[in-house]
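Values in this text are rule-based calculations from the coordinates and carry no lab data. These numbers come from a predicted model, not from an experiment. Don't worry about glycine lacking a Cβ; one is built from the backbone with ideal geometry, like all the others, and counts go over all protein chains shown.
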Amino acid sequence: MDPADPVYHLDGGDLGCARLLILLRDHAAKLPAGTVVHLTTSDPVAPIDLPAWCRMVGHTYLGPVTAPGRPTYAVQLTGRPAPTRGDRPWHRVP
C-alpha cells in the first residue's frame, strides 16, 4: 500500500461473485483496519453482493465510486471481520 495514497486499489477484473469475494477477503486480511479499498470489477452483481457480504463479515460498504472506466466500489475494512470458509466466502465459519 502506498502511504501517499490512503486508498488501496484492487482490480477484480471480470471475476464472478465467489472469486471476487475471495480476492477481496485475501487482500483485506493483509491490510490494516480502517483501510478503504476501491474494488474495480465488471461483475454485474457486485453492487448487490458487496453490500451483503460486508454486512455479513463486518466491513463497511461505502458504495460506488465515481471514476472513469469500469465500475468501482468502496469498502472500509474492519479490524475483526467474521471469518468465512476458504472456498465459500459467503458462508461464515461456524
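Using a basic spin-label model with each label point 7 Å from the Cα along Cα→Cβ, how many nm lie between Thr66 and Asp87?
Here the modelled spin labels are 4.3 nm apart.
What does the helix-only formula give at 222 nm for the chain: each DSSP H stretch with n ≥ 4 adding -39500 (n - 2.57), the total divided by the residues, and the result rounded to the nearest 500 deg cm²/dmol?
The per-residue figure over the chain is -8000 deg cm²/dmol.
So if I take the alpha carbon set of segment 7-76, get Rg, then get Rh from the Kirkwood formula, what is the Rg over Rh ratio?
Using Cα coordinates only, the ratio equals 0.91.
For the chain, which trypsin sites (Lys or Arg not before Pro) are in a loop by DSSP, counting at most 15 other Cβ atoms within 10 Å?
The qualifying sites are Lys30, Arg85.
Over the residues of segment 49-94, compute the C-alpha Rg and express it relative to 2.2 N^0.38 Å.
Segment 49-94 yields a ratio of 1.29.
Cut-off 16 Å, label point 7 angstrom out along Cα-to-Cβ of His9: give me the residues of segment 55-94 whose amide nitrogen falls inside.
Inside the label zone: 65-75.
Would you mind telling me which residue in Ala67, Ala82, Ala29 has the biggest mean-square fluctuation in a Gaussian network model of the chain, where springs connect alpha carbons within a distance under 10 angstrom?
Of Ala67, Ala82, Ala29, the Gaussian network model singles out Ala67 as fluctuating most.
Over the chain, with a Gaussian network built from C-alpha contacts below 10 Å, which listed residue (Pro64, Pro51, Pro32) shows the highest mean-square fluctuation?
Checking each option, the largest mean-square fluctuation is seen for Pro32.
Tell me, what ³J(HN,Hα) does each residue in segment 33-39 have, in order and in whole Hz, if you take phi through Karplus 6.51 cos²θ - 1.76 cosθ + 1.60 with θ = phi - 60° and put x for Gly and Pro?
4, x, 4, 9, 9, 9, 9
Taking every DSSP beta bridge with both residues inside the chain, roughly what % is antiparallel (nearest 5)?
Bridges in the chain that DSSP calls antiparallel: roughly 70 percent.
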